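First the structure, in the form of structure tokens, and then the observations on it.
The values are calculated or read from the model by the stated rules, or taken from the named source; none is laboratory data. If you're wondering where the values come from, they're calculated on a predicted model, not measured in any experiment. Positions of Cβ are generated from backbone atoms using ideal geometry, with glycine treated the same way; all protein chains shown enter the neighbour counts.
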Amino acid sequence: MLRCVHINQRAAHQYKKYKNGFKDIPTIARAHFHATAKREILPLIGVATVAIVARYSYKALVRMEEEREEYMEELAEYEEKYGPVTGCSDSNASKSIPLGYLGVDLGSANIRIAFAPRGSGSEPRVIEDREGGRSTPVSVLFEEEESGAHGISAIGRLAKGKVHERYFRSTSEHVLNPRKLLQRKDNRAEEAIQAVIRSASISAMEKATGKKYSMDKSPFVFSKEHEGLFNLNAVFTYPVGLASDNMGDDEFADVYRKALKGLYEDSDEAATMIPEPIATIAAAEHFKLFPKGSDRTNPSLIIDVGADAITMSLVSKDEVISSSRVPGIGADILTEALAKHMDERFQKSISSSVGLLETDGMARQRMYDGAEIAIAELSRNTRTSITLPFLSIDPKSSQPCHLNESFSRGVLSSIVDSMIPARLGLAQKEVLSSSISQPNDLNALISSMAMGLFEQNGTNPFQLRAILMVGGGSRSPIFQTACREALVTLGGEQFVSERLIVPQDEKVEELTVLGAAFCGGKL
């Protein structure tokens, strides 16, 4: 409703003042309109607003209740499959992780972690660490204090990066391998093993869940009465054929089990242990790697090329019949051979009488790191090159020297073969066949080991169900070729084509840890 209309008084006054001189200027006028609703309608608007809000609130509450019921149904199905879930917090991270089994494979060079959810039909998988690696180095850096006490200052990749750099340093710093410490019954073994496994398992779980967890609490569930950091039961693998290292398999398992006690706080139960070959067979069965129609009652031969040893095991069903092991020959011999060859070539190029591997810790570390990268390349290609700028200083010209060399897989294989005879002194005589002459290359070594194992147990190789090649060293074509040629010598081409199994890609070195996780439910 129009309440008032008026003429702008100021405009009218101006018009009268100047009308005689500006007759053509039109009258300036401004009309203002102001409309206001009747106050009687406001209560009606308020009631309508309340009604609309109440209606939508009711619908929202109904929808929330429906979603809650759906969630409870899904939760019930989840708990029926994986077990009860009781909450989630950083202090008890187990509540954010499904119940399951954790496989822990502590190798001589790396540790691997695999997870298998509880329930039938669940696939085990390897969990990456924080850096995205599918394995973590087991190196531990110890520093001795003035009081004589020692402490761990670095583990994993950080410690591994200092192995050769510290080679010529004082004895106050040591980069050590926890599994080797255990075999030597060193008093630092327990601390080293717990540090490596705790760090690796928590790193893997952080990667899997995207959460950060404290290192203060026990990382595993050990029994139904005691909860650890993760709602998981761990299964640990242990090596076999350790008689050549002056420690029996059962003795190693017992010492290892005792060293793991610190990971299971407030528990009197023992860690679940499984021999590496048994875990390997279980995974091979699960992933259907064995030839179709093969007789499960026949034994299988496991050839495990680890970092520092070749281990052969005869396995029948769930029992390791016999094992033999040659230490000092494994994946590490490839790195050592290539680093040594690089050093000799570089020494000649600068006309030096002494190699860098024996004089310069930093150069030694760079050479070994470069050799590892080159060996990975030689697993895919037949040739590779290595470039290490500013590796040293020329003693005559005082100019920086750079290493730039190319290598072939054949050259590396020849260097490895030349190192075999000297390494055989570490092996016991009964490991090798008495009917074959002393091995002088990798091919002959594998033949002698396999034949020696068959002779000791009266096994006919043609009765084998399968021959399974695993371990980090088995990724190298050098070991694969040597193994194949050795077995062809023993049984012929058809024998090898029907029985030899080399898992593809990562499975060749991850089969054991996957088997440990898979066996968790059975054990």
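Each residue in segment 216-252 was checked for being buried (at least 19 other Cβ atoms within 10 Å of the Cβ), modelled with pLDDT of 70 or more and over 21 Å from the mean Cα position of the chain (by Cα), and 4 of them qualify.
Residue count for segment 295-340, restricted to those that are out of contact with any Cys (no Cβ under 7 Å at 6 or more places or on another chain) and part of a strand (DSSP E or B): 22.
Of the numbered criteria (1) under 19 Å from Ser476 (Cα atoms); (2) assigned to a loop (DSSP other than H, G, I, E, B), the one Pro395 fails is (1). If I ask for residues that are within 25 Å of the chain's Cα centre (by Cα) and surrounded by fewer than 24 Cβ atoms within 10 Å (Cβ to Cβ), which ones from segment 285-302 would you list? Within segment 285-302, Glu285, His286, Phe287, Lys288, Leu289 qualify. A Cβ distance below 6 Å, combined with a sequence gap of six or more or placement on separate chains, defines the contacts here; from segment 261-276, residues that are under 19 Å from Asp105 (Cβ atoms) and exposed (fewer than 15 other Cβ atoms within 10 Å of the Cβ) reach residues that are at pLDDT 85 or above and among the basic types (Lys, Arg) in the pairs Ala270/Arg257.
Quick check on Gly119: is it of a type outside the set (A, V, I, L, M, F, W, C) and either under 24 Å from Gly515 (Cα atoms) or at pLDDT 90 or above (or both)? Yes: the conditions hold for Gly119.
Residues are listed down the side, and each one gets a yes or a no for (1) more than 30 Å from Ser448 (Cβ to Cβ); (2) in contact (Cβ under 8 Å) with a residue 60 or more places away in the chain; (3) outside the structural domain of Gly472 (by TED's automatic domain parsing):
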{"residue": "Thr335", "(1), (2), (3)": "no, no, no"}
{"residue": "Lys348", "(1), (2), (3)": "yes, no, no"}
{"residue": "Val354", "(1), (2), (3)": "yes, no, no"}
{"residue": "Ala371", "(1), (2), (3)": "no, no, no"}
{"residue": "Ile375", "(1), (2), (3)": "no, yes, no"}
{"residue": "Ile386", "(1), (2), (3)": "yes, no, no"}
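Look through Arg130, Arg179 and report the one residue that is farther than 16 Å from Leu260 by Cα and either modelled with pLDDT of 90 or more or not small (Gly, Ala, Ser) (or both). When all the criteria are applied, what remains is Arg130. Output the qualifying pairs, or none if there are none: Cβ atoms under 9 angstrom, residues six or more apart or on different chains, first residue in segment 200-215 and outside any helix (DSSP H, G or I), second residue of a type in the set (Phe, Trp, Tyr). Every condition considered, the pairs that remain are Tyr213/Phe230. Can we say Lys348 is within 15 Å of Leu388 (Cα to Cα) and of a type in the set (D, E, K, R)? Spelling it out, it is not the case that Lys348 is within 15 Å of Leu388 (Cα to Cα) and of a type in the set (D, E, K, R). Here Lys317 meets the list (1) surrounded by fewer than 22 Cβ atoms within 10 Å (Cβ to Cβ); (2) under 27 Å from the mean Cα position of the chain (by Cα) almost entirely, failing just condition (2).
One residue stands out among those in segment 477-523 that are over 18 Å from Gly306 (Cβ atoms) and among the basic types (Lys, Arg): the one that is surrounded by the fewest Cβ atoms within 10 Å (Cβ to Cβ), which is Lys522.
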